[in-house]
1. If you take the square roots of the eigenvalues of the alpha-carbon gyration tensor of the chain and sort them as a ≥ b ≥ c, do you get rounded (a/c under 1.5), prolate (a/b over b/c) or oblate?
2. Percent of accessible area on the chain owned by carbon and sulfur, 1.4 Å probe?
3. Taking the Cα centre of the chain as origin and charging only Cβ (+1 Lys, Arg; -1 Asp, Glu), how large is the dipole, in debye to the nearest 20?
4. Which listed residue (50, 69, 30) has the Cα farthest towards the positive end of the charge dipole for region 7-85, taking +1 on Lys and Arg C-beta and -1 on Asp and Glu C-beta about the Cα centre?
5. Per-residue HN-Hα couplings for region 16-23, Karplus 6.51 cos²θ - 1.76 cosθ + 1.60 at θ = phi - 60°, whole Hz, x for Gly and Pro?
6. Just want to confirm a number: the relative contact order over region 1-58, from Cα pairs under 8 angstrom separated by 6+ residues, in percent.
7. How about residue 27: which lysines have a C-alpha closer than 22 Å to its C-alpha, ignoring those fewer than 8 places off in the same chain?
8. Once both labels are modelled 7 Å past Cα along the beta-carbon direction, what's the residue 9-residue 65 spacing in nm?
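The values are calculated or read from the model by the stated rules, or taken from the named source; none is laboratory data. Source: prediction; values computed, not measured. Reconstructed Cβ throughout: ideal geometry from the backbone, glycine too, with neighbour counts over all protein chains shown. Only protein heavy atoms, including side chains, enter the accessible area calculation; ligands, DNA and RNA are left aside. Shrake-Rupley method; radii C 1.70, N 1.55, O 1.52, S 1.80 Å.
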Amino acid sequence: LEIKKEEQHKFSRETAKEFIPNPDSAKFRNQIGECGEVSYKEADGKDIGFQRFIVLQKNIVLVENQTDQKQFELSWRSACTPSWK
């Protein structure tokens, strides 16, 4: 079971990296399933602090502050909140 969970986390991290600039700068924390937090550097090198992310599907990832905030919160509540409690 632990191996499957780690594979899921790795898949989610790799998928999320495709949706941020400078994927090599990505750092992850507080990951539960497809939900977690990522920090990264912008194209100009500016550090972006930890932002929540949700991997909805292989080609659909929502990153906080890159998505409409209201839509992000609704998605977070339905996809992530049950696991985070």
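1. Oblate, because a/c is 1.5 or more while a/b does not exceed b/c.
2. On the way: 2820 of 5610 Å².
The C+S portion of the solvent-accessible surface of the chain is 50 percent.
3. Numbers: 14 positive and 14 negative charges, 52 e Å.
For this selection, approximately 240 debye.
4. So the residue furthest toward the plus end is 30.
5. Values per residue, Gly and Pro as x: 4, 4, 5, 10, 10, x, 6, x Hz.
6. Answer for region 1-58 is 29 percent.
7. Result set, ordered by chain and number: 4, 5, 10, 17, 41, 46, 58.
8. Roughly 2.4 nm, to one decimal.
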